[in-house]
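Visitor: Before we start, here is the structure in question, set down as structure tokens.
No value in this document is a laboratory result; all are computed from the given coordinates. In this text, all values refer to a predicted model and were calculated from it rather than measured experimentally. As a convention, Cβ positions derive from the backbone with ideal geometry for all residues, glycine included, and neighbour counts pool all protein chains shown.
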Amino acid sequence: MRITTGATAAALSGLAGLHIAWGLGSPFPSANRTELADTVAGTKVVPSAPQCFAVAGALVGAAALVTDALPLARRQRTIGASGAALVLGMRGVLGVAGQTSRIVPWTPSDRFTKLDRRYYGPLCLALSAGVWSSLRSD
């Protein structure tokens, strides 16, 4: 496995783990759930457990596509990984532009928007590139 593929899969898996922890009630890395909500969603309340688990599932699925861990035909893997890369890329572009509000049904806080532009958006862009890169390793 290429370094980029491994790093991308590890990051996706780690983020899935965070979403699972949040769904189970952890405030990590914040001091409490209110601070976590503002940090990761720009809201006053953390997204619901089912929402956190859904995101975790999507991230695990993306990691499995990146590592070719699913018993899929090459074409199916390519379609799935391309979809994941496009979603991450779109999320990244909107985050860097400070426009995440266009894809969520709430107005994120100023603090979240700042973090999104500086960290979350660029991370999504890097993950998108990593997913695309994994397709080249076929």
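Visitor: Please give me, ordered by residue number, the trypsin sites (Lys or Arg not before Pro) of segment 1-48 that lie in loop per DSSP and have at most 14 other Cβ atoms within 10 Å.
Guide: Working: sites: R2, R33, K44; in loops: R2, K44.
Taking segment 1-48 and a limit of 14 other Cβ atoms within 10 Å, the loop trypsin sites (Lys or Arg not before Pro) found are R2, K44.
Visitor: Using 7 Å Cα-to-Cβ label points, what is the V45/K114 separation (nm, one decimal)?
Guide: Computed distance between label sites V45 and K114 equals 2.6 nm.
Visitor: Relative contact order for the chain using alpha-carbon pairs under 8 Å, separation at least 6, rounded to a whole percent?
Guide: Working: 179 pairs, mean separation 41.8, N = 138.
It comes to 30 percent, rounded to a whole number.
Visitor: Order of 101-108, 15-22, 3-10 by packing, highest average Cβ count within 10 Å first? Each step should come with its number before you reach the end.
Guide: Details: 101-108: 11.8, 15-22: 18.9, 3-10: 17.2.
Going from most to least packed, we get 15-22, 3-10, 101-108.
Visitor: So, one more: What's the angle, to the nearest 10 degrees (0 to 90), between helix 49-66's Cα axis and the longest principal axis of the chain?
Guide: Orientation of helix 49-66: about 30 degrees from the principal axis.
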